[in-house]
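Enquirer: Before anything else, here's the structure in question.
Here, each number is a calculation from the coordinates, and none is a lab measurement. What you see is a predicted model; the values in this text were computed from it and never measured. Methodologically, a virtual Cβ is constructed for each residue, glycine included, from the backbone with ideal geometry; neighbour enumeration extends over all protein chains shown.
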Amino acid sequence: MNEPLKGKVAIVTGAARGLGRGYALRLAKLGADVVVADINLAGAKDFGEELSAATVPAEIEAMGRRSIGVEGDLGKPADVAKLFRETEKAFGRLDILVNNAGGAIARESGPFGTETTQADYDLLMDANFRSTVLCCQAAASVMKAQKSGNIVNISSQTGVAPLPGGPLAIYGASKAAVAMYTRNLAAELGPQGIRVNAIAPGIVMTARIAAQAKKRGIGTGEQEAAIPLRRFADVEDLCGPLEFLVTDLSRYVTGQVLSVCGGVVLTPS
């Protein structure tokens, strides 16, 4: 019971740091072998996030699991093909996909939808939605052949309900697309034994968010006071819901978007 994922193989995208790293380590703790996918496998260094080993795959191997790292831009079909090819070569199967890559990573624009440049629109949609679609399509091909599998997509609080005043509009739209795609994919793949769900996090104080908070106006006292639980999330707050969705605890749950936001979103997803 302590290793419900023993013998399973998982891919976690955006797993070199932050939430993705937390997800990857939790899956390994539950017994899974884990493929760490990221556009920069050394990304933790960018925000001073301390690892317990040289890399996230090394952290996972120290837990007694197998792990590989695959670097690439998952908004590009060739890089997605490489990720799944390397997974097949190393492990021969795929049981779990966690689509975590992406974020509110606009570079040139102001916060509002009317200020978003075409370049930032493309960046946000590619990083958040296109990458999810491409990885889901690749995973579905493998999982259909196995007649089993579990996909967890990462949406966002902003993909479920607008922020006050309407900032992060295009990011929110990309994450709303992830939520709706999740529901449709669950309907398509359910008959083949594949479950598809999503998590919609609120503000999570990862190393990146903490480092950028002041500049981006994230993590303010006013925002914290608006959360019914009166605190921002940490990585472990999101790992529990993931554990629920990837294990038999949720074996009859599919097509759901679970808001993990401390109670900010109090309407049905």
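Enquirer: Quick one: compute the contact order of segment 92-166, relative version, from alpha carbon pairs under 8 angstrom and 6+ residues apart, as a percent.
Expert: 46 percent.
Enquirer: Would you list Ile194, Ile227 from fewest to most Cβ contacts within 10 Å?
Expert: Lowest to highest Cβ neighbour count: Ile227, Ile194.
Enquirer: Between helix 18-29 and the chain, what is the angle of the helix's C-alpha long axis to the longest principal axis, kept within 0 to 90° and rounded to the nearest 10?
Expert: The answer is roughly 30 degrees.
Enquirer: What angle do you read, to the nearest 10 degrees and between 0 and 90, between the alpha-carbon axis of helix 131-146 and the longest principal axis of the chain?
Expert: Computed tilt is about 20 degrees.
Enquirer: From the phi of every residue in segment 77-86, what ³J(HN,Hα) in whole Hz does the Karplus formula 6.51 cos²θ - 1.76 cosθ + 1.60 yield, where θ is phi - 60° and glycine or proline is x?
Expert: x, 5, 6, 5, 4, 4, 4, 6, 5, 5
Enquirer: Between Leu266 and Glu222, what is the spin-label point distance in nm, taking each point 7 Å from the Cα along the Cα→C-beta axis?
Expert: 2.0 nm
Enquirer: Under a cut-off of 27 Å between alpha-carbon atoms, report the lysines in cross-link reach of Lys29, not counting same-chain residues fewer than 8 places apart.
Expert: Within reach: Lys6, Lys8, Lys45, Lys82, Lys89, Lys144, Lys147.
Enquirer: Same structure again: Could you give each residue of segment 68-76 its phi-based ³J(HN,Hα) in whole Hz, using Karplus coefficients 6.51, -1.76, 1.60 with θ = phi - 60°, and x for Gly or Pro?
Expert: Coupling constants for segment 68-76: 10, x, 10, 9, x, 8, 7, x, 10 Hz.
Enquirer: Among Leu163, Leu185, which comes first, second and so on when ranked by fewest other beta-carbon atoms within 10 Å?
Expert: Ranked by crowding around the Cβ, least crowded first: Leu163, Leu185.
Enquirer: Is the chain best put as rounded, prolate or oblate by its Cα gyration tensor, with a ≥ b ≥ c the root eigenvalues, rounded for a/c under 1.5, and otherwise prolate when a/b is larger than b/c, oblate when not?
Expert: Taking the square roots of the gyration eigenvalues as a ≥ b ≥ c, the chain is rounded.
Enquirer: Place a point 7 Å from the Cα of Leu249 along the Cα-to-Cβ direction; which residues of segment 1-31 have their backbone N under 17 Å from it?
Expert: Residues 1-6, 22-31 fall inside that zone.
Enquirer: Residue by residue through segment 34-48, which ³J(HN,Hα) values in whole Hz follow from phi under the Karplus form 6.51 cos²θ - 1.76 cosθ + 1.60 (θ = phi - 60°), with glycine and proline marked x?
Expert: Coupling constants for segment 34-48: 10, 8, 9, 10, 6, 6, 8, 5, 9, x, 4, 5, 4, 10, x Hz.
Enquirer: Right, another one. Using r as the Cβ-Cβ distance of Leu51 and Asp122, and R0 as 25 Å, what FRET efficiency do you calculate, to the nearest 0.05?
Expert: Efficiency at R0 = 25 Å is approximately 0.20.
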